[in-house]
Amino acid sequence: MPRRSYKKRTIAKDPIYDSFVIAKLINLIMEGGKKTIASAIVYGVLDEIKKEKKIEPIILIDTAVENVAPIHIVRPRRVGGASYMVPREVTPHHRVFLALRWLVDAARTRNNKEYSTFHKKLKAELLDAFDKKGNAFDKKTQSEKLAEANKVFAHFNW
């Protein structure tokens with residue numbers, strides 16, 4: 001733990017949709033400092049969704065993130081000689097981060113011949129999350145079930 005509290009860095013909103021969530025999504029997709037490529041992928045996906053599905057992109061992203069964001073997660077806690085999985089509530093900022101990270105990871109691990117590029121994989125995963133299905137949503141339900149199963153150990157959360 002640091003001696004002094006540190007100031008949390010804030011990221012700038014994205015210039016097109018004026019949203020922190022989309023800016024964070026671009027930063028999570030970015031590899032090797034290539035932010036222009038990451039932003040081109042995200043904005044391309046959002047434009048395609050807007051044309052095909054007639055859904056406002058900011059509403060789609062917010063709904064997809066809300067559908068994938070976990071309310072409880074489990075963290076290991078060592079008590080005595082045993083290690084217990086203790087359920088904890090997730091802070092709102094961390095919920096958004098986990099949801100976006102799960103969406104990007106699920107899009108990266110998707111492998112079908114239909115989804116040959118990351119652009120198509122991300123679009124499919126966002127639409128699946130919007131409809132409450134897909135790998136990222138499955139990860140959320142798995143996390144919630146694990147927290148529910150281990151709620152007996154909630155008193156170890158201090």
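Screening THR91 against (1) surrounded by 13 or more Cβ atoms within 10 Å (Cβ to Cβ); (2) among the polar types (S, T, N, Q); (3) under 30 Å from GLU148 (Cβ atoms); (4) without any contact (Cβ under 8 Å) to a residue 40 or more places away in the chain leaves a single unmet condition, (1). In the set (1) in contact (Cβ under 8 Å) with a residue 24 or more places away in the chain; (2) more than 22 Å from ALA147 (Cβ to Cβ); (3) in contact with a helix residue (DSSP H, G or I) (Cβ under 8 Å, 6 or more places away or on another chain); (4) not polar (S, T, N, Q), the condition left unmet by LEU100 is number (2). Tell me, please, whether a residue that is under 15 Å from ILE61 (Cβ atoms), among the aromatic types (Phe, Trp, Tyr) and in contact (Cβ under 8 Å) with a residue 12 or more places away in the chain can be found in region 115-123. So far as region 115-123 goes, no, none of its residues is under 15 Å from ILE61 (Cβ atoms), among the aromatic types (Phe, Trp, Tyr) and in contact (Cβ under 8 Å) with a residue 12 or more places away in the chain. Residues THR36, THR10: which one is β-branched (Val, Ile, Thr) and not in a helix (DSSP H, G or I)? Being β-branched (Val, Ile, Thr) and not in a helix (DSSP H, G or I) holds for just one of THR36, THR10, which is THR10.
Screening the candidates ILE61, ILE49, ILE71 for the property of being within 12 Å of the chain's Cα centre (by Cα), under 17 Å from LYS132 (Cβ atoms) and touching a residue at least 24 places away in the same chain (Cβ under 8 Å) yields one hit, ILE61. Criterion applied to ALA149, ALA82, ALA154, ALA124 was being buried (at least 16 other Cβ atoms within 10 Å of the Cβ) and more than 12 Å from the chain's Cα centre (by Cα), and the one residue passing it is ALA124.
No other residue among LEU28, LEU46, LEU60 is over 30 Å from GLU148 (Cα atoms), out of contact with any strand residue (DSSP E or B) (no Cβ under 8 Å at 6 or more places or on another chain), assigned to a helix (DSSP H, G or I) and not basic (Lys, Arg) apart from LEU46. Does region 49-59 contain any residue that is surrounded by 19 or more Cβ atoms within 10 Å (Cβ to Cβ) and either closer than 15 Å to ILE22 by Cα or of a type in the set (Phe, Trp, Tyr) (or both)? For region 49-59, residues surrounded by 19 or more Cβ atoms within 10 Å (Cβ to Cβ) and either closer than 15 Å to ILE22 by Cα or of a type in the set (Phe, Trp, Tyr) (or both): present. PRO70 fulfils the conditions (1) surrounded by fewer than 16 Cβ atoms within 10 Å (Cβ to Cβ); (2) touching a Ser or Thr at 6+ places or on another chain (Cβ under 6 Å) except for a single criterion, (1). Can you work out which of the residues in region 118-158 that are assigned to a helix (DSSP H, G or I) and among the basic types (Lys, Arg) is modelled with the lowest pLDDT? Selected residue: LYS151.
The values are calculated or read from the model by the stated rules, or taken from the named source; none is laboratory data. Being a predicted model, the structure only gives us computed values, none of them experimental. FYI the Cβ positions are ideal-geometry reconstructions off the backbone, even for glycines, and counts take in every protein chain you see.
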